[in-house]
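In what follows, a single structure is set out as structure tokens and then discussed.
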Amino acid sequence: RSDRFGWSRGRFVPDDPQDLADEAGYSLEAYAAGRMLASEEGSSSTTTQAAAVWALINKGARAGKGLADILLAAKNPMNKGHFGSQKDKDPGSPNFGGSDRYASTAQDPYDRDCLIAQQCMSGEIPDLTGGATNFDRPAGEKHPDQVAADRQSSGLQEVTVAGADPGLRFWRPT
């Protein structure tokens, strides 16, 4: 795990994503998913981390996009193509304070994070989510009931993932 936090005013990591993945010795897809794990579920169980990666894999499959494409996309054009915070921290953005991307990728991953991602991508760790495409942690949300209502109105239903840490919700298309 790198000690380098080359943040551009706390919004995004300015380093080139492919260069970071190459430096770490992983594919961009595994490295990006590993960053998501380190940032979103770094202290969670392996089962929970695998379920989060599978939600990302399923999201990508449904959208016809790669994992890095999903995680490097951002509503704020200044943040697009970079790893960074899930929240838009650009005070000049009309979306300031709102959700900017699928998940945070702000933290450098440990090898374990990237290995879990690789094992999910290869199918060595099977999908435990029943096709979930999203996840959230109500305790980390300002308005968790609204998040749930928004997910339900977009056609998602909450699913239970056996063995996942309590307090994390997984959502799949109905």
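The values are calculated or read from the model by the stated rules, or taken from the named source; none is laboratory data. These figures come from a predicted structure and were not determined experimentally. Because the Cβ atoms are built from the backbone with ideal geometry, glycine has one as well, and the counts that use them run over all protein chains shown. Accessible surface areas use protein heavy atoms only, side chains included; no ligands, DNA or RNA. Shrake-Rupley method; radii C 1.70, N 1.55, O 1.52, S 1.80 Å.
Using a 1.4 Å probe, what is the accessible area per residue for the chain, in Å²?
With all protein chains present, the chain gives 49 Å² per residue.
Which of the peptides 42-48, 64-70, 29-35 is most tightly packed, and how do the rest follow, judged by the mean count of other Cβ atoms within 10 Å per residue?
The peptides rank, most packed first, as 29-35, 64-70, 42-48.
GNM, the chain, Cα, under 10 Å: largest mean-square fluctuation among MET36, MET78, MET121?
Largest GNM mean-square fluctuation: MET78.
Taking the Cα centre of segment 58-174 as the origin, how large is its charge dipole in debye, to the nearest 20, when only Lys and Arg (+1) and Asp and Glu (-1) carry charge on their Cβ atoms?
Charge dipole, segment 58-174, about its Cα centre: 300 debye, nearest 20.
Could you tell me which of rounded, prolate or oblate describes segment 1-125, using a ≥ b ≥ c as the square roots of the eigenvalues of the alpha-carbon gyration tensor, with rounded for a/c under 1.5 and, failing that, prolate when a/b is larger than b/c and oblate otherwise?
prolate
Between LYS142, LYS75, LYS59, which gets the highest mean-square fluctuation from a Gaussian network model of the chain, Cα cutoff 10 Å?
For the chain, modelled as a Gaussian network with Cα springs under 10 Å, the answer is LYS142.
Sequence-distant or interchain residues sharing an amide H contact under 5 Å with GLY84, placed H: which?
Under 5 Å from the amide H of GLY84: VAL13, THR105, ALA106.
Mean Kyte-Doolittle hydropathy of -1.0 or higher plus an axial Cα length of 24 Å or more: which whole DSSP H helices in the chain meet both?
Sorted by number, the helices that extend far enough and score high enough are 46-63.
So for segment 5-151, taking the charge dipole from beta-carbon charges (+1 Lys/Arg, -1 Asp/Glu), which of GLY34, GLY92, GLY131 sits furthest toward the positive end?
The Cα lying farthest towards the positive end belongs to GLY92.
Starting from the Cα of LYS65, draw a straight line to each of the lysines and keep only those under 17 Å, dropping any in the same chain fewer than 8 residues away.
Output for LYS65: LYS75, LYS80.
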